[in-house]
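Shown next, in structure tokens, is the structure this report addresses.
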Amino acid sequence: YTCDFDYLALPLPFVDYAAVLLDEMSAPTSIPRGSKSERGSRNGVDRLSSLSDDLLHHVMSFLPMPEVVHTSLLSPRWRFLWCSTPFIRIDSQDFVDKRKLENFGDCLLLLHDCTTSLDEARISAQWVNDTKCSVWIRHAIMHKVRLLHISGFLRLDSTATFPSRPLKIIRLQSVTLK
């Protein structure tokens, strides 16, 4: 994989993994003082962050993957939470240009916690070349993905090896196997 940012050259405490993925993406706007959202919290207590990782991952599962990465900006508790999500979704509809999509996909897979098994990997790659998509698929399989959903006008070759013990369901949509 290649990332436009050499995060390995930095000492570990200074690495902001989300910054790699948020490159050229706009950060969410902050909540102005006195707003309804701020008044709704009791004495500044962050109740959402007190939930378990599993519950927070479930909440994240309803968001597009770039927004999941954006959650790292919410609080220190959320900073690396996106790295351990049990799902990965790379969707070409979340990006306006191919280079950003490919960089996001590469960095997302590189920075995802390799000790976490994936329940689900969805790759919707309308403009990604077949070789890159094959690499992403192999990466998901190495993370012991259970559900693999691939869509896009792709021609995948034998390098996208599907046999895997944990893999239970493969869904291919508009994909040709050669």
L55: surrounded by fewer than 19 Cβ atoms within 10 Å (Cβ to Cβ), under 22 Å from I123 (Cβ atoms) and aliphatic (A, V, I, L, M), yes or no? no
Within segment 68-80, does at least one residue satisfy the condition of being out of contact with any Phe, Trp or Tyr (no Cβ under 7 Å at 6 or more places or on another chain) and open to solvent by less than 20 Å² (accessible area, probe 1.4 Å)? yes
Tally up the residues in segment 122-178 that are at pLDDT 85 or above, open to solvent by less than 70 Å² (accessible area, probe 1.4 Å), charged (D, E, K, R) and in a loop (DSSP other than H, G, I, E, B), please. 0
Residue in segment 34-54 that is of a type outside the set (G, A, S), under 17 Å from the mean Cα position of the chain (by Cα) and modelled with pLDDT under 95 present: yes
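The values are calculated or read from the model by the stated rules, or taken from the named source; none is laboratory data. Note that this is a predicted model, so its numbers are computed, not measured. Using ideal geometry, Cβ is built from the backbone for each residue, glycine included, and neighbour counts are taken over all protein chains shown. Just so you know, the surface numbers come from the protein's heavy atoms only, side chains and all, with ligands and any DNA or RNA stripped out. Shrake-Rupley method; radii C 1.70, N 1.55, O 1.52, S 1.80 Å.
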